[in-house]
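Structure record follows, encoded as structure tokens.
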Amino acid sequence: MADSKLKDPKLIAITSGKGGTGKSSISYGIGYTLAKQGNRTLIIELDFGLRCLDIMFGMNGNVKYDLGNVLKDHMQILDAVTRVPSASNLEILCAPKDPFMTVTAKQVVEICRSVRKYYDFIIIDTGAGISSHVFDIVEQANLILVVTTPDPICIRDATMMSDEFYTRGNKRQRLLINKVSAEAIKSHMIRNLDEIIDTVGIQLLGVIPDDLMLKESTGKGQTLPVDAPSLEAFDAISRRLTGEHVPLVIR
Ligand SMILES: Nc1ncnc2c1ncn2[C@@H]1O[C@H](COP(=O)(O)OP(=O)(O)O)[C@@H](O)[C@H]1O
Ligand SMILES: [Mg+2]
């Protein structure tokens, strides 16, 4: 069984078996809402070659340094991070542009250890895929957020990931179900959500609606509108991460 309470989930890894489940969008949403709630937050993007956080936050072309400068040029991490204009407590460390650059779990741990005291939360947006490399990195987190969509293949991959983390001794996992459509909710989705939770076998942290506004905002680098359905979900998830009891409301 997973711990029922989230104690000090400072280093949070967002992961999934399958690509395209929404890890980066969720890192963006949770990072943004954690920061708006007053938490000093850093997002580290580990999806080498598929860098997107700069675009999502409307900073394409304005990111001077990235993880590549830390790994290759030994730049201080605090010098390599970029402040996000739309949320004053939020900083990002973008993935290197070079897709062939690699990072070891040891390097990630060292990076996080060295800046831990400056942040309330460090979110790691991992790359996709069930590789031992991703496992080694994610294992170092205080909390693993396993992302799935209601798609059966995605659920199976999430289950495999989660089982492997358990086998390796990391029981601090929570489930995020992303891209849940309003129509699906109206038609028996609640029962289906229960089935997903039972199949993956970890406690639910949140459900994020399929939200065109999220897709458009991240694509255009615009701030998520206040009436975006996903914003409410991200806000609730972030509050839960800080220990608040926020009931799950699915509309
Ligand atoms: N809740 C959501 N509603 C609508 N579109 C979403 C949602 N989450 C992610 N997407 C879209 O799905 C695609 C993949 O998302 P992304 O965050 O890049 O996934 P990953 O990082 O897991 O590969 C993007 O086009 C993104 O805009
Ligand atoms: Mg991604």
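The values are calculated or read from the model by the stated rules, or taken from the named source; none is laboratory data. For clarity, every value in this text was computed on a predicted model and none was experimentally measured. As a convention, Cβ positions derive from the backbone with ideal geometry for all residues, glycine included, and neighbour counts pool all protein chains shown. Surface accessibility is based on the protein's heavy atoms, side chains included, excluding ligands, DNA and RNA. Shrake-Rupley method; radii C 1.70, N 1.55, O 1.52, S 1.80 Å.
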Self-check item: Scope region 7-35; condition touching an Asp or Glu at 6+ places or on another chain (Cβ under 8 Å) and open to solvent by 30 Å² or more (accessible area, probe 1.4 Å); matching residues
Solution: Lys10, Lys18
Exercise. Determine the pairs where a residue that is among the hydroxyl-bearing types (Ser, Thr, Tyr), located within region 123-135, has a partner that is within 12 Å of ligand 1 (Cβ to nearest atom) and at pLDDT 80 or above with Cβ atoms under 8 Å apart, the partner being 6 or more residues away or on another chain.
Key: Thr126/Ile14; Thr126/Thr15; Thr126/Lys23; Thr126/Leu46; Thr126/Asp47
Exercise. Output the helices (runs of 4 or more DSSP H) that fall wholly within region 74-156 and possess 3 or more residues being under 14 Å from Lys10 (Cα atoms), or say none.
Key: 105-115
Quiz prompt | Hits in region 201-251 (condition: open to solvent by 30 Å² or more (accessible area, probe 1.4 Å) and acidic (Asp, Glu)) | solution = Asp210, Glu216, Asp227, Glu232, Asp235, Glu244
Practice problem: Go through region 33-53 and count every residue that is of a type in the set (D, E, K, R) and in a helix (DSSP H, G or I). | Solution: 1
Practice problem: Go through region 198-239 residue by residue and tally those that are in a helix (DSSP H, G or I) and closer than 24 Å to Asp151 by Cβ. | Solution: 19
Quiz item: Counting only residues that are more than 11 Å from ligand 2 (Cβ to nearest atom) and not β-branched (Val, Ile, Thr), how many does region 40-68 have?
Solution: 14
Quiz item: What is the number of the single condition among (1) under 28 Å from Val180 (Cα atoms); (2) at pLDDT below 95; (3) open to solvent by less than 40 Å² (accessible area, probe 1.4 Å); (4) not hydrophobic (A, V, I, L, M, F, W, C) that Pro96 does not meet?
Solution: (1)
